[in-house]
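S.K.: One structure, as structure tokens, below. Some questions next.
The values are calculated or read from the model by the stated rules, or taken from the named source; none is laboratory data. Keep in mind the model is a prediction, meaning the values are calculated, not measured. Glycine gets a Cβ as well: all are built from the backbone with ideal geometry, and neighbour counts include every protein chain shown. Note: areas computed on protein heavy atoms with side chains; ligands, DNA, RNA excluded. Shrake-Rupley method; radii C 1.70, N 1.55, O 1.52, S 1.80 Å.
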Amino acid sequence: MMSSSSPLLSGIRKPNLASQGSPSLRAAYQAWLKAQAPAPEPGQAPQAPQRPLRVGIVGAGMAGLYSALLLKEQGHDCHLFEAQPHHLGGRIYTHRFTAEKNQYFEAGAMRLPEIPEQQPVFQLISYLNQRLSPSKKIQLIPYVLYDEPGDLVYVNGKRKPDGSTMTVEYANKNPAELGFPLAPEDRNKTASQLLDEALSPFLELLEKDFNAGFAEIVKYDNLSMYTYLTELKGWSMEKVNYVETMTSATNQFQQSFTELVIESMDFSGAAWKTIANGMDRLPDACADLIGHDRIKMNAPVRKVEYLSDGRVKIHYRDHDSDIFDRVILALPPAALRMIETPQWSPTKMQGIRALHFEPLYKIGMRFKSRFWEQVKPGAKGGQSITDLPSRWYVYPSYGIGESGPGVLLLYSWMTDAYDWLPQDDAERVRLALRDLQTVYQGTVDVRSQFIEAFSVAWPDKWATGDAMFYPGQFRRLFNVARQNEGHIYFAGEHLSVHHTWIVGAIDSAIYACQQLLGNAQLAPLTADGVTLPVDDYDYEACAQAPLAHS
């Protein structure tokens, strides 16, 4: 994420669970999912290998790279196959316009939330830094999520009475001026306030009784956020549109209620970091430790097959092949589906075919100056909100206040991302400049500032986007999708309750390696002398929570 998504529903208060031993909503959800579809746990089968294994890993995204590092620590010989000729890291994708300082943007993952469940990512960075040369070390810097006095809002063609573009700060104080057709009692409330009203009963119950609060949330696991709000809370379509436009992406509320609620509560109030000089320093550092001679680039895998002796054969490129004791398919479903595989169970094949990924589109635009900081009021990081095709303008958290050229990111996802797919590169640039000029009307000549652009439409990449499931998909398909098939194992951020984020890729890699080694105690990589805290909350009651709305 790993997610590139906007921090959904960020105005929702985070439940205060400290008095209850800080139980985790995602850990509770994972316990519940296991109870819904029981499967063998790592350590039950297979038996731990008695000798070093030769392991083939298909995919050099973060799940594949982390699997290789973890297995290498255990003494096993790993070889990775990456279809891309030059790019590794999966959906971590830093595009550099020039070698000059800060002339880049994140076409994929761009921020890291500092919350307890994300610690495996930060520990991976510490682990790498202990083993890298000084020039390769990874430095974290603050990521500015919001700058409300400078970030802008342009929706429904509305501006301030003086004709200038609203700031987020102004819009939050004057929400009725945004022009959404709301009931009188809702017109003077922000989108986050309205959503907080709808979801606060869950938060309050979680704070009072975590088990009861969790049970209340998963009652609605078969519903979308849209269905919950319209059918059970009585929201109008106009009210949904207001909240979705201001906090999210077009049609994202059609996705799982449970998933969106858990994500909103997890990340509300989080502090954020990013990696100085580009997020791709993380996968590059992993590759340096694994050894670039162990990573075959431009090596698309065409087929995997079982051999009679229990080993697995990988066919790659057009006529090459190799044989391994074990294989990990660290791939998003769209890539896995195009590989010829053994015929697995109908439910496993459904998981590969059906698990939903939301499309993402980004265009990075390089300008002669960081004009967004220099206009009044200037944006020092954060993001602007529009209902134009380029829905979100993300201002870089690096290089704030510098003179000279700068790079701005325009970002859309879900249905908003699909709208960009038919456009060629020149038209994408024209439309992006048009939208920017609309928002910065009367303050800067955007076109005269423009130097160059680069866009990435993730639906035409192997990743296709980031995992965000439809109602019930977690419950029905998640456990089956991540179970091994003989000596073939599966990893990827979609196979974790933390999906959309880098930690989801890491979590899935740990689980796949636990299965492969028959060792449920296999721990995440940590810096020497550091032990990650153990979540010892008893989730048994959460696991038994009933599903009420089906």
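S.K.: Any residue at all in the stretch 59-73 that's modelled with pLDDT of 75 or more and among the acidic types (Asp, Glu)?
M.R.: Yes, there is a match, as at least one residue in the stretch 59-73 is modelled with pLDDT of 75 or more and among the acidic types (Asp, Glu).
S.K.: So if I check each of 22, 6, 10, which one is at pLDDT 75 or above, of a type in the set (S, T, N, Q), surrounded by fewer than 20 Cβ atoms within 10 Å (Cβ to Cβ) and within 30 Å of residue 190 (Cβ to Cβ)? Reasoning before the result, please.
M.R.: Details: 6 fails: at pLDDT 75 or above; 10 fails: at pLDDT 75 or above.
Selected residue: 22, the only one of 22, 6, 10 that is at pLDDT 75 or above, of a type in the set (S, T, N, Q), surrounded by fewer than 20 Cβ atoms within 10 Å (Cβ to Cβ) and within 30 Å of residue 190 (Cβ to Cβ).
S.K.: Has the stretch 112-130 got at least one residue that is modelled with pLDDT of 95 or more, more than 23 Å from the chain's Cα centre (by Cα) and either in a strand (DSSP E or B) or over 20 Å from residue 400 (Cα atoms) (or both)?
M.R.: Looking for residues that are modelled with pLDDT of 95 or more, more than 23 Å from the chain's Cα centre (by Cα) and either in a strand (DSSP E or B) or over 20 Å from residue 400 (Cα atoms) (or both), one finds at least one in the stretch 112-130, hence yes.
S.K.: Since residue 56 meets every condition but one in (1) over 30 Å from residue 366 (Cα atoms); (2) crowded, with 19+ Cβ neighbours inside 10 Å; (3) at pLDDT below 95; (4) small (Gly, Ala, Ser), which condition does it not meet?
M.R.: For residue 56, the exception is condition (3).
S.K.: Here is a follow-up. Kindly evaluate residue 490 against the criterion of being surrounded by fewer than 21 Cβ atoms within 10 Å (Cβ to Cβ) and either touching a Cys at 6+ places or on another chain (Cβ under 6 Å) or modelled with pLDDT of 95 or more (or both).
M.R.: Values: surrounded by fewer than 21 Cβ atoms within 10 Å (Cβ to Cβ): no; either touching a Cys at 6+ places or on another chain (Cβ under 6 Å) or modelled with pLDDT of 95 or more (or both): yes.
No.
S.K.: Does residue 323 count as touching a Gly at 6+ places or on another chain (Cβ under 9 Å), over 30 Å from residue 97 (Cβ atoms), open to solvent by 20 Å² or more (accessible area, probe 1.4 Å) and assigned to a strand (DSSP E or B)?
M.R.: yes
S.K.: Also: Search the stretch 285-314 for residues that are part of a strand (DSSP E or B) and pair each with any residue that is surrounded by 21 or more Cβ atoms within 10 Å (Cβ to Cβ) and of a type in the set (Lys, Arg) when their beta-carbon atoms are under 9 Å apart and the residues are at least 6 apart or on different chains.
M.R.: 312/326
S.K.: Let me ask another. For the subset of the stretch 169-197 comprising residues that are of a type in the set (Gly, Ala, Ser) and at pLDDT 95 or above, which member is nearest to residue 261 (Cα to Cα)?
M.R.: Ranking the qualifying residues of the stretch 169-197, first place goes to 191.
S.K.: Taking the stretch 439-448 on its own, how many of its residues are open to solvent by less than 40 Å² (accessible area, probe 1.4 Å) and either touching a strand residue (DSSP E or B) at 6+ places or on another chain (Cβ under 7 Å) or among the basic types (Lys, Arg) (or both)?
M.R.: 1
S.K.: Same structure, new question: Does the stretch 135-166 hold any residues that are among the polar types (S, T, N, Q) and over 19 Å from residue 389 (Cα atoms), and which are they?
M.R.: Residues satisfying the conditions are 135, 139, 164.
S.K.: When you look at residue 452, is it open to solvent by 20 Å² or more (accessible area, probe 1.4 Å), touching a Phe, Trp or Tyr at 6+ places or on another chain (Cβ under 9 Å), over 26 Å from residue 62 (Cβ atoms) and in contact (Cβ under 8 Å) with a residue 60 or more places away in the chain, yes or no?
M.R.: Considered against the rule, which asks whether it is open to solvent by 20 Å² or more (accessible area, probe 1.4 Å), touching a Phe, Trp or Tyr at 6+ places or on another chain (Cβ under 9 Å), over 26 Å from residue 62 (Cβ atoms) and in contact (Cβ under 8 Å) with a residue 60 or more places away in the chain, residue 452 comes out as yes.
S.K.: Then there is this: In the stretch 326-360, how many residues are in contact (Cβ under 8 Å) with a residue 60 or more places away in the chain, assigned to a loop (DSSP other than H, G, I, E, B) and more than 20 Å from residue 515 (Cα to Cα)?
M.R.: Qualifying residue count for the region: 4.
S.K.: To continue, here is another question. Residue 470 is checked against (1) at negative phi; (2) open to solvent by less than 10 Å² (accessible area, probe 1.4 Å); (3) in contact with a strand residue (DSSP E or B) (Cβ under 8 Å, 6 or more places away or on another chain) and fails just one. What number does that condition carry?
M.R.: (2)
S.K.: Which of (1) open to solvent by less than 20 Å² (accessible area, probe 1.4 Å); (2) of a type in the set (Gly, Ala, Ser); (3) in contact (Cβ under 8 Å) with a residue 40 or more places away in the chain does residue 496 not meet, given it meets every other one?
M.R.: Tallying (1) open to solvent by less than 20 Å² (accessible area, probe 1.4 Å); (2) of a type in the set (Gly, Ala, Ser); (3) in contact (Cβ under 8 Å) with a residue 40 or more places away in the chain, residue 496 fails exactly one: (3).
S.K.: Can you find, within the stretch 172-201, the residue that is surrounded by the most Cβ atoms within 10 Å (Cβ to Cβ) among those that are more than 10 Å from residue 242 (Cα to Cα) and aliphatic (A, V, I, L, M)?
M.R.: Checked the stretch 172-201; the qualifying residue surrounded by the most Cβ atoms within 10 Å (Cβ to Cβ) is 195.
S.K.: Answer yes or no as to whether residue 169 is charged (D, E, K, R), under 28 Å from residue 542 (Cα atoms) and assigned to a helix (DSSP H, G or I).
M.R.: no
S.K.: State all residues of the stretch 59-90 that are of a type outside the set (S, T, N, Q), open to solvent by 10 Å² or more (accessible area, probe 1.4 Å) and in a loop (DSSP other than H, G, I, E, B); if no residue qualifies, say none.
M.R.: Within the stretch 59-90, 75, 76, 82, 83, 85, 86, 87, 88, 90 qualify.
S.K.: Also, quick follow-up: Which one of 382, 399, 406 is in contact (Cβ under 8 Å) with a residue 12 or more places away in the chain and closer than 17 Å to residue 168 by Cβ?
M.R.: Only one candidate passes the filter, namely 382.
S.K.: Restricting to the stretch 220-265, name every residue that is assigned to a loop (DSSP other than H, G, I, E, B), more than 22 Å from the chain's Cα centre (by Cα) and buried (at least 19 other Cβ atoms within 10 Å of the Cβ).
M.R.: 220, 235
S.K.: Taking the stretch 523-545 as the search range and keeping residues that are of a type outside the set (A, V, I, L, M) and farther than 20 Å from residue 29 by Cβ, which one is modelled with the highest pLDDT?
M.R.: Going residue by residue through the stretch 523-545, those that are of a type outside the set (A, V, I, L, M) are 524, 526, 528-529, 531, 533, 535-540, 542, 544.
If we keep only those that are farther than 20 Å from residue 29 by Cβ as well, we get 526, 528-529, 531.
Working: 526: 95, 528: 91, 529: 87, 531: 83.
Per the stated criteria, the residue is 526.
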